Amino acid sequence: MKVSDLNPAQLQQRLQEAGLRIRTGPFVTRVHTSLAAAAEGIGLLYADYPLAEDEDFADFHIRLALPDGLRRWLRPQVLFLYDGTRTFKPLPVDQAFPMFEWGMNWCVSSHAHSYLIIHAAVLEKHGHAVILPAPPGSGKSTLCAALSQRGWRLLSDELALIRVADGCVIPLPRPISLKNASIDIMRHYAPDAVFSRKVSDTMKGTVAHMQAPADSVARASEWARPGWVIFPRYEAGADTHLTALPKAHAFMRAADNAFNYSLLGERGFASLAGLIEASSCHDFVYSKLDEAIDVFNNLRPAALLP
Amino acid sequence: MKWQAISPQSLHMRAWGEEVVVYDARTGDTHLLALAAARILAAIGHSPANVSSLAQTLTDLLPDQNSQEQAHEQIEAMLAELAGISLITPAKP
């Protein structure tokens, strides 16, 4: 059963009563909320996601709720509760869906330590993953969104999951987070894609989320091998440029972008070393999406090179 | 004066080309070293050594690139770097 099998009334009822158990990649999240903005976003952007059964184990239990007291009525706010505990500062209630997305990222990056988790977009083609680690503002999500619309399977927009046990790259396809000018760029680039409504004045500026392609969601159990680690950077007016990056430097920069490298200790070091060893590593500067796509379409996995 | 590794059993290394990434499980720190510095670190980890013997080790590693005088200078720079990131310390007499 998928989220889209529920009509809006059933979805709202499930969210308010038993909780909606959404399966995203290897995780099940049980979501409770009575907030219309959150329900609307979930119904729109998670339509293709499978629902877990009521008796299935849920990895994360979250609730989006209004606070008690005046804040329920006066400039109302939304709380994100994890296992019943308030986790973040409250946000304006119109930010309920972005908060749900940010909170979901936090759930994974703070708890899923059987994976080395890198702040990175991840896409796949022919069984090999390209991992795009980058800080905010680098153009990572825009590039990821464009690639996901041009033949690359979306594994994740935010969190690269490297399974510590075997080094496989595990999919966690969820909506792609776009900010500011990137929102209209992607609306133009992918006119058939589904977007959430824009939410202004968030801590990241104006944000909107783009639905993950249905095929990527359907194939969320298909892991990939490491293929490339590429550090993207959008630079207005720059020529498209892919340059080889020494692996030791790629290691240090990927470690800087990892959430739990230090926490995993020796296992984190071994996992990251294995990822870098198996990958071609590059810096990538771009300003034009079509040229960027061409470069990615010409990548060949290191394992296949003569 | 001899130098010794602070905790050689805590060090994990991965070399790519002329560079090595070193993870120190004692501190949780990760360092990027030149291959020659990593080899000197490994030599010190094997047994404490002084500048002269390490300069000889470096000359053996890079016979085409080092006069004995240059090797001394390079070793002193490497030792300062390795001590600065708490991988080595002067050995107690």
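Counting only alpha carbon atoms, the long axis of helix B:68-84 and the longest principal axis of chain B meet at about 10°.
Sum -39500 (n - 2.57) across every DSSP H segment of at least 4 residues in chain A, then divide by the residue count to get the 222 nm mean residue ellipticity, nearest 500.
Dividing the helical sum by the residues of chain A leaves -9000 deg cm²/dmol.
Simple point charges give the picture: +1 on the Cβ of Lys and Arg, -1 on the Cβ of Asp and Glu, and for the stretch A:3-109 a dipole about the Cα centre of about 580 debye. Taking every protein chain into account, the accessible area of the protein assembly as shown amounts to 45 square angstrom per residue (probe 1.4 Å). When only alpha carbons of chain B are considered, Rg and Dmax amount to 12.5, 36 Å. Working from label points 7 Å from Cα in the Cα-to-Cβ sense, the B:Ala42 to A:Arg225 distance is 2.7 nm. Think of the protein assembly as shown as having a plus end and a minus end, set by charges on the Cβ of Lys, Arg, Asp and Glu; of A:Gly25, A:Leu45, B:Met13, A:Leu45 sits farthest toward the positive end of this dipole.
Projecting the Cα atoms of B:Gln56, B:Ser67, B:Leu41 onto the dipole axis of the stretch B:19-93, where Lys and Arg carry +1 and Asp and Glu carry -1 at the beta carbon, places B:Leu41 farthest toward the positive end. In chain A, the longest principal axis of the Cα atoms and the axis of helix A:36-45 are about 40 degrees apart. Counting Cα-Cα pairs of the protein assembly as shown in 10 Å increments starting at 0 gives whole-percent bin shares of 5, 20, 26, 21, 14, 8, 4, 1, 0.
The relative contact order of the stretch A:1-110, computed from alpha carbon pairs under 8 Å that lie at least 6 residues apart in sequence, is 23 percent. Taking the Kirkwood radius as Rh and the Cα radius of gyration as Rg, the stretch A:3-109 has a ratio of Rg/Rh equal to 0.95.
Between A:Gly227, A:Gly167, A:Gly84, the GNM of chain A built on Cα springs shorter than 10 angstrom shows A:Gly84 fluctuating the most.
Working note: Debye formula, equal point scatterers on the alpha-carbon atoms of the stretch A:115-304, no solvent; log10 I(q)/I(0) at q = 0.09, 0.16 Å⁻¹ is -0.29, -0.97. For the stretch A:186-255, the fraction of alpha-carbon pairs lying more than 15 Å apart is 75 percent, rounded to a whole number. To the nearest ten degrees, helix A:96-111 and the longest principal axis of the Cα atoms of chain A are 60 degrees apart.
For the chain pair B and A, the buried solvent-accessible surface (1.4 Å probe, both sides summed) amounts to about 1200 Å². Pairs of Cα atoms nearer than 8 Å and 6+ residues apart set the relative contact order; for chain B it is 34 percent.
Here the protein assembly as shown is assigned +1 on the Cβ of each Lys and Arg and -1 on the Cβ of each Asp and Glu. Its dipole about the Cα centre then comes out at about 900 debye. What a 1.4 Å probe finds exposed on the protein assembly as shown is 51% carbon and sulfur by accessible area, rounded to a whole percent.
Across chain A, the mean sequence separation of Cα contacts (distance under 8 Å, 6 or more residues apart), normalised by length, yields a relative contact order of 17 percent. For chain B, the mean residue ellipticity at 222 nm estimated from helices alone is -13500 deg cm²/dmol, where every DSSP H run of n ≥ 4 contributes -39500 (n - 2.57) and the total is divided by all residues, rounded to the nearest 500.
The values are calculated or read from the model by the stated rules, or taken from the named source; none is laboratory data. Just so it is clear, the model here is predicted, and its values are computed rather than measured. In this analysis, Cβ positions are derived from the backbone assuming ideal geometry, glycine residues included, and neighbour counts consider all displayed protein chains. SASA here: full protein model, heavy atoms, side chains in, ligands and nucleic acids out. Shrake-Rupley method; radii C 1.70, N 1.55, O 1.52, S 1.80 Å.
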